Amino acid sequence: MLNAVTDDFVDLLRTLLDAAAFRSDIAPYFSEPRGRWRGQGLVVAPADTAAVAALAAACAAARIGIVPYSGGTGLVGGQIMPDGPAPVILSLERLNKIRAVYPSENVLVCDAGVILANVQQAAADADRLFPLSLASEGSARIGGLLATNAGGVNVLRYGNARALCLGLEVVRPDGTIWHGLTRLRKDNTGYDLRNLMIGAEGTLGIITAAALRMVPRPAQVGAAMLAVPSPQAALELLALAGSQVGDGLQAFELIHRQGFDFLAEVGPEVRQPFDDIPEWCVLIDLGMPAGGNPDAALENLFAAAFEADLVTDGVIAQSAAQRQALWDIRENIPEANRRIGSISSHDISLPLSAVPDFIAQASAALQALGDMRINCFGHLGDGNLHYNLFPAAGRQRADYDAIRVEAVTIIYDLVAGLDGSFSAEHGIGRLKVADLEHYGDPVKLAMLRAIKDALDPLGIMNPGAVLRQA
(Lines give C-alpha, C1' and ligand atoms only; values in the text may rest on other atoms or scores of the structure.)
Protein backbone atom coordinates (compact mmCIF):
# COMPACT_ATOMS: atom_id res chain seq x y z
CA MET A 1 0.00 0.00 0.00
CA LEU A 2 1.32 3.43 -0.95
CA ASN A 3 1.32 6.41 1.36
CA ALA A 4 0.29 9.97 0.59
CA VAL A 5 2.57 13.00 0.69
CA THR A 6 2.48 14.57 4.16
CA ASP A 7 3.71 17.87 5.59
CA ASP A 8 6.55 16.02 7.31
CA PHE A 9 7.59 14.52 3.99
CA VAL A 10 7.56 17.94 2.35
CA ASP A 11 9.78 19.22 5.14
CA LEU A 12 12.18 16.35 4.46
CA LEU A 13 12.30 17.17 0.76
CA ARG A 14 13.15 20.78 1.56
CA THR A 15 16.36 19.52 3.12
CA LEU A 16 17.20 17.53 -0.04
CA LEU A 17 16.17 19.90 -2.85
CA ASP A 18 16.81 23.54 -3.54
CA ALA A 19 14.02 26.08 -3.05
CA ALA A 20 13.48 26.46 -6.80
CA ALA A 21 12.43 22.82 -7.02
CA PHE A 22 9.07 23.53 -5.41
CA ARG A 23 6.55 24.79 -7.94
CA SER A 24 4.17 27.57 -6.98
CA ASP A 25 1.85 27.47 -10.01
CA ILE A 26 0.77 23.84 -9.83
CA ALA A 27 -2.50 23.90 -11.79
CA PRO A 28 -0.91 23.06 -15.19
CA TYR A 29 0.52 19.83 -13.78
CA PHE A 30 -2.93 18.62 -12.78
CA SER A 31 -4.47 18.73 -16.25
CA GLU A 32 -3.94 16.87 -19.50
CA PRO A 33 -4.73 17.80 -23.11
CA ARG A 34 -8.05 15.99 -23.43
CA GLY A 35 -9.43 17.01 -20.06
CA ARG A 36 -10.32 13.49 -18.96
CA TRP A 37 -8.80 13.69 -15.47
CA ARG A 38 -7.61 16.12 -12.83
CA GLY A 39 -4.38 15.29 -11.04
CA GLN A 40 -3.18 15.69 -7.47
CA GLY A 41 0.02 15.63 -5.45
CA LEU A 42 3.15 17.60 -4.62
CA VAL A 43 4.89 19.11 -7.67
CA VAL A 44 8.68 19.30 -7.59
CA ALA A 45 11.25 20.00 -10.30
CA PRO A 46 14.73 18.76 -9.29
CA ALA A 47 17.70 20.59 -10.78
CA ASP A 48 19.83 17.62 -11.78
CA THR A 49 20.18 13.85 -11.76
CA ALA A 50 21.60 13.76 -8.23
CA ALA A 51 18.55 15.62 -6.95
CA VAL A 52 16.24 13.22 -8.80
CA ALA A 53 18.06 10.32 -7.16
CA ALA A 54 17.74 11.85 -3.69
CA LEU A 55 14.04 12.42 -4.26
CA ALA A 56 13.48 8.85 -5.47
CA ALA A 57 15.33 7.41 -2.46
CA ALA A 58 13.19 9.49 -0.10
CA CYS A 59 9.99 8.38 -1.84
CA ALA A 60 11.06 4.74 -1.67
CA ALA A 61 11.79 5.01 2.05
CA ALA A 62 8.39 6.61 2.68
CA ARG A 63 6.61 4.41 0.08
CA ILE A 64 5.21 7.42 -1.75
CA GLY A 65 4.34 7.24 -5.44
CA ILE A 66 6.27 9.15 -8.11
CA VAL A 67 4.58 10.38 -11.31
CA PRO A 68 7.20 11.58 -13.81
CA TYR A 69 6.02 14.67 -15.68
CA SER A 70 7.70 15.63 -18.94
CA GLY A 71 6.01 18.06 -21.35
CA GLY A 72 2.48 17.17 -20.30
CA THR A 73 1.46 16.43 -23.90
CA GLY A 74 0.57 12.75 -23.41
CA LEU A 75 -2.90 11.73 -24.54
CA VAL A 76 -3.50 8.62 -22.40
CA GLY A 77 -3.17 10.01 -18.88
CA GLY A 78 0.29 8.70 -18.09
CA GLN A 79 1.27 12.02 -16.50
CA ILE A 80 -1.85 12.29 -14.31
CA MET A 81 -2.74 10.33 -11.16
CA PRO A 82 -6.34 11.31 -10.42
CA ASP A 83 -6.97 9.16 -7.36
CA GLY A 84 -5.22 7.17 -4.66
CA PRO A 85 -2.68 8.48 -2.14
CA ALA A 86 -1.32 11.87 -3.27
CA PRO A 87 2.02 11.26 -5.10
CA VAL A 88 5.06 13.35 -5.90
CA ILE A 89 4.78 14.77 -9.41
CA LEU A 90 8.38 14.88 -10.62
CA SER A 91 8.76 17.48 -13.37
CA LEU A 92 11.76 17.20 -15.69
CA GLU A 93 11.61 20.84 -16.77
CA ARG A 94 14.82 21.94 -15.02
CA LEU A 95 16.83 19.10 -16.53
CA ASN A 96 17.13 21.15 -19.69
CA LYS A 97 20.74 21.17 -20.84
CA ILE A 98 22.29 19.97 -24.08
CA ARG A 99 25.27 18.17 -22.55
CA ALA A 100 27.35 17.54 -25.65
CA VAL A 101 27.15 17.32 -29.44
CA TYR A 102 29.43 15.00 -31.45
CA PRO A 103 28.89 15.84 -35.14
CA SER A 104 31.45 13.33 -36.38
CA GLU A 105 29.62 10.59 -34.45
CA ASN A 106 26.12 11.86 -35.30
CA VAL A 107 25.36 11.86 -31.56
CA LEU A 108 23.77 14.45 -29.26
CA VAL A 109 23.64 13.99 -25.48
CA CYS A 110 21.03 15.93 -23.53
CA ASP A 111 19.05 16.06 -20.31
CA ALA A 112 15.62 14.46 -20.37
CA GLY A 113 13.84 17.77 -19.87
CA VAL A 114 15.07 19.35 -23.10
CA ILE A 115 12.19 20.27 -25.41
CA LEU A 116 12.19 18.37 -28.71
CA ALA A 117 12.34 21.54 -30.81
CA ASN A 118 15.49 22.57 -28.96
CA VAL A 119 17.10 19.20 -29.69
CA GLN A 120 16.18 19.64 -33.35
CA GLN A 121 17.78 23.10 -33.34
CA ALA A 122 20.94 21.87 -31.62
CA ALA A 123 21.26 19.21 -34.29
CA ALA A 124 20.67 21.78 -37.03
CA ASP A 125 23.36 24.00 -35.53
CA ALA A 126 25.75 21.09 -36.08
CA ASP A 127 24.45 20.65 -39.66
CA ARG A 128 22.67 17.49 -38.64
CA LEU A 129 19.05 16.37 -38.34
CA PHE A 130 17.30 14.90 -35.35
CA PRO A 131 14.38 13.39 -37.27
CA LEU A 132 11.81 12.79 -34.54
CA SER A 133 8.99 15.18 -35.50
CA LEU A 134 5.44 15.54 -34.23
CA ALA A 135 2.82 18.20 -33.65
CA SER A 136 3.75 18.81 -30.00
CA GLU A 137 7.49 19.23 -30.63
CA GLY A 138 7.40 22.78 -29.24
CA SER A 139 6.51 21.53 -25.76
CA ALA A 140 7.15 17.76 -25.61
CA ARG A 141 10.35 16.83 -23.76
CA ILE A 142 12.84 14.12 -24.60
CA GLY A 143 12.28 12.09 -21.43
CA GLY A 144 8.57 11.72 -22.07
CA LEU A 145 9.07 11.05 -25.76
CA LEU A 146 11.42 8.18 -24.93
CA ALA A 147 9.25 6.93 -22.06
CA THR A 148 6.36 6.60 -24.51
CA ASN A 149 8.47 5.56 -27.53
CA ALA A 150 6.91 8.40 -29.52
CA GLY A 151 6.43 8.06 -33.25
CA GLY A 152 5.49 11.04 -35.42
CA VAL A 153 5.64 11.67 -39.12
CA ASN A 154 9.12 10.37 -39.97
CA VAL A 155 8.88 6.83 -38.59
CA LEU A 156 8.73 5.44 -42.12
CA ARG A 157 12.36 6.41 -42.73
CA TYR A 158 13.93 6.92 -39.32
CA GLY A 159 11.93 4.78 -36.91
CA ASN A 160 10.29 5.54 -33.56
CA ALA A 161 12.03 7.30 -30.68
CA ARG A 162 13.52 3.92 -29.71
CA ALA A 163 15.49 3.79 -32.97
CA LEU A 164 16.95 7.25 -32.30
CA CYS A 165 18.37 6.53 -28.84
CA LEU A 166 21.78 5.00 -28.15
CA GLY A 167 22.00 5.27 -24.38
CA LEU A 168 20.19 6.41 -21.25
CA GLU A 169 20.83 7.67 -17.78
CA VAL A 170 18.06 6.44 -15.48
CA VAL A 171 17.26 6.90 -11.80
CA ARG A 172 15.87 3.65 -10.46
CA PRO A 173 12.96 3.51 -7.98
CA ASP A 174 15.35 3.05 -5.05
CA GLY A 175 17.36 6.16 -5.97
CA THR A 176 20.35 4.41 -7.51
CA ILE A 177 21.50 5.63 -10.92
CA TRP A 178 22.00 3.46 -13.99
CA HIS A 179 24.82 5.08 -15.96
CA GLY A 180 23.90 3.74 -19.38
CA LEU A 181 24.59 6.93 -21.32
CA THR A 182 26.65 5.17 -23.97
CA ARG A 183 27.29 6.52 -27.46
CA LEU A 184 28.03 3.05 -28.83
CA ARG A 185 26.15 1.52 -31.75
CA LYS A 186 27.20 -1.96 -30.66
CA ASP A 187 27.30 -3.12 -27.04
CA ASN A 188 26.32 -6.75 -26.76
CA THR A 189 26.81 -7.14 -22.99
CA GLY A 190 23.62 -8.61 -21.61
CA TYR A 191 19.98 -7.60 -21.47
CA ASP A 192 19.04 -4.45 -23.37
CA LEU A 193 18.11 -2.20 -20.46
CA ARG A 194 17.82 0.83 -22.73
CA ASN A 195 14.97 -0.70 -24.68
CA LEU A 196 13.36 -1.88 -21.46
CA MET A 197 13.14 1.70 -20.22
CA ILE A 198 12.03 3.16 -23.54
CA GLY A 199 8.27 2.77 -23.78
CA ALA A 200 7.89 1.90 -20.08
CA GLU A 201 6.06 5.19 -19.44
CA GLY A 202 7.94 5.94 -16.24
CA THR A 203 6.83 2.74 -14.52
CA LEU A 204 10.34 1.26 -14.14
CA GLY A 205 12.50 4.33 -13.55
CA ILE A 206 13.03 7.99 -14.38
CA ILE A 207 14.93 8.83 -17.55
CA THR A 208 17.20 11.79 -16.74
CA ALA A 209 19.41 11.97 -19.86
CA ALA A 210 19.78 10.40 -23.29
CA ALA A 211 22.35 9.93 -26.01
CA LEU A 212 20.45 10.53 -29.25
CA ARG A 213 21.24 9.55 -32.81
CA MET A 214 21.42 12.33 -35.37
CA VAL A 215 21.52 11.83 -39.14
CA PRO A 216 22.91 13.88 -42.04
CA ARG A 217 20.54 16.59 -43.18
CA PRO A 218 18.94 15.85 -46.56
CA ALA A 219 20.46 18.16 -49.15
CA GLN A 220 17.21 18.41 -51.08
CA VAL A 221 13.63 18.08 -49.85
CA GLY A 222 10.26 18.09 -51.53
CA ALA A 223 6.62 17.36 -50.88
CA ALA A 224 3.44 16.66 -52.78
CA MET A 225 -0.20 16.14 -51.94
CA LEU A 226 -1.83 13.65 -54.29
CA ALA A 227 -5.52 12.76 -54.57
CA VAL A 228 -6.15 9.01 -54.56
CA PRO A 229 -9.40 7.18 -55.30
CA SER A 230 -9.25 4.90 -52.24
CA PRO A 231 -7.11 3.69 -49.33
CA GLN A 232 -6.19 0.66 -51.44
CA ALA A 233 -4.87 2.99 -54.14
CA ALA A 234 -2.92 4.88 -51.47
CA LEU A 235 -1.33 1.62 -50.35
CA GLU A 236 -0.34 0.75 -53.90
CA LEU A 237 1.02 4.27 -54.34
CA LEU A 238 3.15 3.76 -51.23
CA ALA A 239 4.68 0.65 -52.78
CA LEU A 240 5.29 2.48 -56.04
CA ALA A 241 6.91 5.41 -54.24
CA GLY A 242 9.16 3.04 -52.32
CA SER A 243 10.32 1.37 -55.51
CA GLN A 244 11.02 4.69 -57.24
CA VAL A 245 12.67 6.76 -54.50
CA GLY A 246 13.75 4.17 -51.91
CA ASP A 247 15.19 5.67 -48.75
CA GLY A 248 14.35 9.16 -50.00
CA LEU A 249 10.76 8.57 -48.86
CA GLN A 250 10.55 10.30 -45.47
CA ALA A 251 6.81 10.44 -44.80
CA PHE A 252 3.62 9.13 -46.36
CA GLU A 253 0.47 10.47 -44.70
CA LEU A 254 -3.09 9.41 -45.48
CA ILE A 255 -5.74 12.14 -45.11
CA HIS A 256 -9.53 11.84 -45.45
CA ARG A 257 -11.57 14.79 -46.66
CA GLN A 258 -13.22 15.05 -43.23
CA GLY A 259 -9.98 16.62 -42.00
CA PHE A 260 -10.23 19.34 -44.64
CA ASP A 261 -13.90 19.89 -43.79
CA PHE A 262 -13.10 20.32 -40.09
CA LEU A 263 -10.32 22.80 -40.89
CA ALA A 264 -12.75 24.82 -43.02
CA GLU A 265 -15.39 24.65 -40.29
CA VAL A 266 -13.39 25.56 -37.17
CA GLY A 267 -9.81 26.29 -38.29
CA PRO A 268 -6.92 26.73 -37.92
CA GLU A 269 -6.98 28.47 -41.26
CA VAL A 270 -4.88 26.74 -43.90
CA ARG A 271 -4.39 27.08 -47.64
CA GLN A 272 -6.51 24.46 -49.39
CA PRO A 273 -4.48 22.77 -52.16
CA PHE A 274 -7.41 21.51 -54.26
CA ASP A 275 -10.37 23.30 -55.84
CA ASP A 276 -12.46 20.22 -55.11
CA ILE A 277 -11.38 18.37 -51.97
CA PRO A 278 -10.90 14.67 -52.77
CA GLU A 279 -12.33 11.92 -50.60
CA TRP A 280 -8.79 10.68 -49.91
CA CYS A 281 -5.34 12.10 -50.46
CA VAL A 282 -1.78 11.42 -49.38
CA LEU A 283 1.00 13.78 -48.32
CA ILE A 284 4.37 12.54 -49.53
CA ASP A 285 7.65 14.01 -48.25
CA LEU A 286 11.05 13.31 -49.77
CA GLY A 287 14.57 13.96 -48.51
CA MET A 288 17.44 13.32 -50.90
CA PRO A 289 21.25 13.67 -50.89
CA ALA A 290 23.24 16.17 -52.94
CA GLY A 291 22.54 15.66 -56.61
CA GLY A 292 19.07 14.35 -55.95
CA ASN A 293 16.04 16.07 -57.43
CA PRO A 294 12.93 15.56 -55.29
CA ASP A 295 10.73 17.66 -57.58
CA ALA A 296 11.60 15.51 -60.57
CA ALA A 297 11.14 12.37 -58.48
CA LEU A 298 7.66 13.51 -57.44
CA GLU A 299 6.75 14.43 -61.00
CA ASN A 300 7.84 11.00 -62.22
CA LEU A 301 5.93 9.35 -59.40
CA PHE A 302 2.79 11.29 -60.23
CA ALA A 303 3.05 10.38 -63.92
CA ALA A 304 3.51 6.68 -63.18
CA ALA A 305 0.73 6.69 -60.59
CA PHE A 306 -1.67 8.55 -62.89
CA GLU A 307 -0.99 6.03 -65.64
CA ALA A 308 -1.79 3.23 -63.15
CA ASP A 309 -5.03 4.95 -62.00
CA LEU A 310 -3.63 5.42 -58.50
CA VAL A 311 -3.95 9.22 -58.45
CA THR A 312 -6.48 11.63 -59.92
CA ASP A 313 -4.97 15.01 -59.07
CA GLY A 314 -1.99 16.45 -57.26
CA VAL A 315 0.00 19.43 -56.08
CA ILE A 316 3.80 19.41 -55.95
CA ALA A 317 5.38 22.05 -53.71
CA GLN A 318 7.48 24.51 -55.70
CA SER A 319 9.15 26.16 -52.70
CA ALA A 320 9.92 25.66 -49.04
CA ALA A 321 6.88 27.81 -48.21
CA GLN A 322 4.59 25.65 -50.31
CA ARG A 323 6.01 22.50 -48.73
CA GLN A 324 5.31 23.96 -45.30
CA ALA A 325 1.79 24.91 -46.38
CA LEU A 326 1.08 21.27 -47.25
CA TRP A 327 2.45 20.14 -43.91
CA ASP A 328 0.39 22.80 -42.13
CA ILE A 329 -2.73 21.00 -43.31
CA ARG A 330 -1.62 17.69 -41.83
CA GLU A 331 -0.27 19.17 -38.59
CA ASN A 332 -3.39 21.26 -37.91
CA ILE A 333 -5.92 18.46 -38.29
CA PRO A 334 -5.49 17.36 -34.62
CA GLU A 335 -6.23 20.92 -33.47
CA ALA A 336 -9.35 21.05 -35.65
CA ASN A 337 -10.39 17.71 -34.15
CA ARG A 338 -9.98 19.16 -30.68
CA ARG A 339 -12.13 22.16 -31.54
CA ILE A 340 -14.90 19.95 -32.91
CA GLY A 341 -14.76 17.62 -29.89
CA SER A 342 -14.56 13.88 -30.44
CA ILE A 343 -16.87 11.13 -29.26
CA SER A 344 -13.76 8.97 -29.01
CA SER A 345 -10.24 9.00 -30.46
CA HIS A 346 -8.18 5.99 -31.43
CA ASP A 347 -4.47 5.55 -32.07
CA ILE A 348 -4.27 2.21 -33.86
CA SER A 349 -1.83 0.32 -36.04
CA LEU A 350 -2.43 -2.41 -38.58
CA PRO A 351 -0.46 -4.55 -41.00
CA LEU A 352 -0.24 -2.37 -44.10
CA SER A 353 -2.25 -4.73 -46.27
CA ALA A 354 -5.08 -4.76 -43.71
CA VAL A 355 -5.57 -0.97 -43.66
CA PRO A 356 -8.11 -0.77 -46.52
CA ASP A 357 -10.20 -3.64 -45.12
CA PHE A 358 -10.24 -2.06 -41.67
CA ILE A 359 -11.34 1.33 -42.98
CA ALA A 360 -14.18 -0.22 -45.00
CA GLN A 361 -15.36 -2.58 -42.23
CA ALA A 362 -15.15 -0.03 -39.45
CA SER A 363 -16.99 2.65 -41.41
CA ALA A 364 -19.84 0.28 -42.24
CA ALA A 365 -20.18 -1.00 -38.67
CA LEU A 366 -20.07 2.45 -37.10
CA GLN A 367 -22.53 4.02 -39.52
CA ALA A 368 -24.93 1.20 -38.71
CA LEU A 369 -24.49 2.03 -35.03
CA GLY A 370 -25.36 5.71 -35.35
CA ASP A 371 -25.02 8.93 -37.30
CA MET A 372 -21.46 10.20 -36.77
CA ARG A 373 -18.54 11.72 -38.63
CA ILE A 374 -15.28 9.76 -38.96
CA ASN A 375 -11.95 11.49 -39.40
CA CYS A 376 -9.38 8.90 -40.44
CA PHE A 377 -5.84 10.11 -41.06
CA GLY A 378 -2.31 9.21 -40.11
CA HIS A 379 0.98 7.61 -40.95
CA LEU A 380 0.08 5.12 -43.66
CA GLY A 381 3.77 4.46 -44.27
CA ASP A 382 4.02 2.62 -40.94
CA GLY A 383 0.41 1.45 -40.61
CA ASN A 384 -0.55 3.93 -37.88
CA LEU A 385 -4.02 5.47 -38.21
CA HIS A 386 -5.66 8.09 -36.03
CA TYR A 387 -9.26 6.95 -36.29
CA ASN A 388 -11.51 9.45 -34.54
CA LEU A 389 -15.28 9.66 -34.16
CA PHE A 390 -17.22 12.93 -34.01
CA PRO A 391 -20.85 13.99 -33.62
CA ALA A 392 -22.87 14.56 -36.75
CA ALA A 393 -23.30 18.21 -37.66
CA GLY A 394 -25.66 19.90 -35.23
CA ARG A 395 -25.31 17.21 -32.55
CA GLN A 396 -23.27 17.10 -29.32
CA ARG A 397 -20.87 14.55 -27.86
CA ALA A 398 -23.29 13.85 -25.04
CA ASP A 399 -25.79 12.55 -27.59
CA TYR A 400 -23.52 9.55 -28.10
CA ASP A 401 -22.88 8.54 -24.49
CA ALA A 402 -25.10 5.47 -24.83
CA ILE A 403 -23.15 4.04 -27.78
CA ARG A 404 -19.63 5.28 -27.10
CA VAL A 405 -18.39 2.08 -25.43
CA GLU A 406 -19.91 -0.04 -28.19
CA ALA A 407 -18.23 2.11 -30.85
CA VAL A 408 -14.83 1.71 -29.18
CA THR A 409 -15.37 -2.04 -28.90
CA ILE A 410 -16.23 -2.27 -32.60
CA ILE A 411 -12.99 -0.52 -33.54
CA TYR A 412 -10.72 -2.45 -31.18
CA ASP A 413 -12.28 -5.81 -32.00
CA LEU A 414 -11.72 -5.17 -35.70
CA VAL A 415 -8.12 -4.11 -35.04
CA ALA A 416 -7.47 -7.22 -32.95
CA GLY A 417 -9.04 -9.44 -35.61
CA LEU A 418 -6.68 -8.00 -38.20
CA ASP A 419 -3.59 -8.56 -36.00
CA GLY A 420 -3.23 -4.87 -35.20
CA SER A 421 -2.71 -2.85 -32.04
CA PHE A 422 -5.09 -0.56 -30.17
CA SER A 423 -2.11 1.62 -29.17
CA ALA A 424 0.29 2.54 -31.94
CA GLU A 425 2.28 5.48 -30.61
CA HIS A 426 0.45 7.13 -27.71
CA GLY A 427 1.09 4.41 -25.14
CA ILE A 428 -1.15 2.84 -22.50
CA GLY A 429 -1.06 5.39 -19.68
CA ARG A 430 -4.11 5.08 -17.48
CA LEU A 431 -6.64 5.36 -20.28
CA LYS A 432 -5.95 1.98 -21.85
CA VAL A 433 -5.05 -0.25 -18.89
CA ALA A 434 -8.30 -2.19 -19.21
CA ASP A 435 -7.82 -2.51 -22.97
CA LEU A 436 -4.35 -3.98 -22.43
CA GLU A 437 -5.83 -6.49 -20.01
CA HIS A 438 -8.58 -7.41 -22.46
CA TYR A 439 -6.62 -7.59 -25.71
CA GLY A 440 -3.13 -8.39 -24.41
CA ASP A 441 -1.63 -11.85 -24.59
CA PRO A 442 -1.83 -13.37 -21.07
CA VAL A 443 1.76 -14.57 -21.20
CA LYS A 444 2.94 -11.10 -22.20
CA LEU A 445 0.95 -9.55 -19.35
CA ALA A 446 2.52 -11.97 -16.89
CA MET A 447 5.98 -11.08 -18.17
CA LEU A 448 5.22 -7.34 -17.89
CA ARG A 449 4.06 -7.83 -14.31
CA ALA A 450 7.18 -9.85 -13.45
CA ILE A 451 9.43 -7.08 -14.81
CA LYS A 452 7.49 -4.42 -12.92
CA ASP A 453 7.66 -6.37 -9.65
CA ALA A 454 11.38 -7.05 -10.07
CA LEU A 455 12.46 -3.48 -10.85
CA ASP A 456 9.87 -1.61 -8.80
CA PRO A 457 8.96 -3.97 -5.94
CA LEU A 458 7.33 -1.19 -3.90
CA GLY A 459 5.16 -0.13 -6.84
CA ILE A 460 6.00 3.55 -6.45
CA MET A 461 6.82 4.36 -10.08
CA ASN A 462 3.86 5.94 -11.90
CA PRO A 463 1.31 3.86 -9.99
CA GLY A 464 -1.59 2.64 -12.10
CA ALA A 465 -0.02 3.48 -15.46
CA VAL A 466 0.36 0.65 -18.02
CA LEU A 467 -0.39 -2.01 -15.39
CA ARG A 468 -3.14 -1.80 -12.83
CA GLN A 469 -1.83 -1.01 -9.37
CA ALA A 470 -1.34 -4.27 -7.49
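The values are calculated or read from the model by the stated rules, or taken from the named source; none is laboratory data. If you're wondering where the values come from, they're calculated on a predicted model, not measured in any experiment. All Cβ positions, even for glycine, are placed from backbone atoms using ideal geometry, and neighbour counts span all protein chains on display. Accessible surface areas use protein heavy atoms only, side chains included; no ligands, DNA or RNA. Shrake-Rupley method; radii C 1.70, N 1.55, O 1.52, S 1.80 Å.
Think of the chain as a dipole: +1 on every Lys or Arg Cβ, -1 on every Asp or Glu Cβ, centred on the Cα centre; then among Tyr158, Val221, Val270, Tyr158 lies furthest on the positive end. Given the range 1-140 reduced to its alpha-carbon atoms as identical point scatterers, what log10 I(q)/I(0) does the Debye formula return at q = 0.12, 0.20 Å⁻¹? So the normalised log intensities are -0.55, -1.16.
Where both partners of a DSSP beta bridge lie in the chain, what percent of those bridges are antiparallel, to the nearest 5? Before the final figure, lay out the partial values.
On the way: 58 of 67 bridges.
Here the antiparallel bridges make up roughly 85 percent for the chain.
In this view, the solvent-accessible surface of Glu236, computed with a 1.4 Å probe and all protein chains in place, comes to about 90 Å². For the pair Asp275 and Ser139, the difference between a 0.36 nm per residue extended length and the Cα-Cα distance amounts to 45.5 nm. Note on Val443 and Ser353: the extension gain reaches 29.7 nm, defined as 0.36 nm multiplied by sequence separation minus the Cα-Cα distance.
Cross-link partners among aspartates and glutamates for Lys452, C-alpha distance below 13 Å, same-chain residues fewer than 8 apart left out? Result set, ordered by chain and number: Glu201. For the pair Arg185 and Thr312, a Förster radius of 45 Å applied to the C-beta separation gives a FRET efficiency near 0.50, rounded to the nearest 0.05.
Remark on Gln40: its backbone amide H falls under 5 Å from those of Met81, a criterion applied only to residues 5 or more positions apart or on other chains, H modelled at 1.01 Å from N. For the range 200-217, the Karplus equation 6.51 cos²θ - 1.76 cosθ + 1.60, evaluated at θ = phi - 60°, returns couplings of 7, 6, x, 8, 10, x, 10, 5, 10, 7, 8, 9, 10, 8, 9, 9, x, 6 Hz by residue, with Gly and Pro reported as x.
If you average the C-alpha positions of the range 1-77 and of the range 112-178 separately, how far apart do those two centres end up, in angstrom? So the two Cα centres are separated by 22 Å. Heavy-atom accessible area for Leu184, with the other protein chains in place and a 1.4 Å probe, reaches approximately 90 Å². When you work out D = kT/(6 pi eta Rh) for the range 90-211 at 10 °C and 1.306 mPa s, using the Kirkwood radius from C-alpha pairs as Rh and the Stokes-Einstein form, the result is 111 µm²/s.
Extension gain for the segment Arg395 to Arg99, taken as residue separation times 0.36 nm less the Cα-Cα distance, is 101.4 nm to one decimal.
Of the cross-linked pairs Lys186/Lys432; Lys186/Lys444; Lys97/Lys186, those separated by over 30 Å at the C-alpha level are Lys186/Lys432.
Using the Cα centre as the reference, give the magnitude of the dipole from point charges on the C-beta atoms of the chain (Lys, Arg: +1; Asp, Glu: -1; all else neutral), rounded to the nearest 20 debye. Could you put the intermediate results ahead of the total?
Details: 36 positive and 52 negative charges, 263 e Å.
The calculated dipole for the chain is roughly 1260 debye.
Can you sort Ser91, Ser363 by solvent-accessible area, 1.4 Å probe, largest first? Spell out each step's value before the answer.
Numbers: Ser91 0, Ser363 40 Å².
Output order, biggest surface exposure first: Ser363, Ser91.
Under Stokes-Einstein, with the Kirkwood radius over Cα pairs as Rh, the value for the chain at 25 °C and 0.890 mPa s is 105 µm²/s.
If you wrap the Cα atoms of the range 310-369 in a convex hull and average its projected area over all directions, you get 6.5 nm². Ranking Ala123, Ile284, Ala62 by Cα position along the charge dipole of the chain, where only Lys, Arg, Asp and Glu carry charges on their C-beta atoms, puts Ala62 farthest toward the positive end. Backbone phi angles across the range 219-226, fed through the Karplus curve with coefficients 6.51, -1.76 and 1.60 (θ = phi - 60°), yield HN-Hα couplings of 6, 9, 10, x, 8, 8, 10, 10 Hz in residue order; Gly and Pro are listed as x.
Measuring from centroid to centroid over Cα atoms, what is the spacing of the range 195-209 and the range 237-278 in Å? Answer, in whole Å: 34.
Where only DSSP H runs of four or more residues are counted, the chain gives -10500 deg cm²/dmol as its mean residue ellipticity at 222 nm, each run worth -39500 (n - 2.57). Amide hydrogen proximity for Arg373: with H placed 1.01 Å from N in the peptide plane, the residues at 5 or more positions away or on another chain lying under 5 Å are Phe390, Ala392.
Tell me, what % of the accessible area of the chain is carbon and sulfur with a 1.4 angstrom probe? Heavy-atom surface of the chain belonging to carbon and sulfur, 1.4 Å probe: 51 percent. A simple charge model with +1 on the Cβ of Lys and Arg, -1 on the Cβ of Asp and Glu and nothing else charged puts the dipole of the range 1-136 at about 260 debye relative to its Cα centre. 3J(HN,Hα) along the range 54-67: 5, 5, 4, 4, 5, 5, 5, 5, 8, 6, 10, x, 10, 10 Hz, from the Karplus curve 6.51 cos²θ - 1.76 cosθ + 1.60 with θ = phi - 60°, whole Hz, x for Gly and Pro.
For the chain, the solvent-accessible area works out to 42 Å² per residue, with a probe of 1.4 Å and every protein chain left in place.
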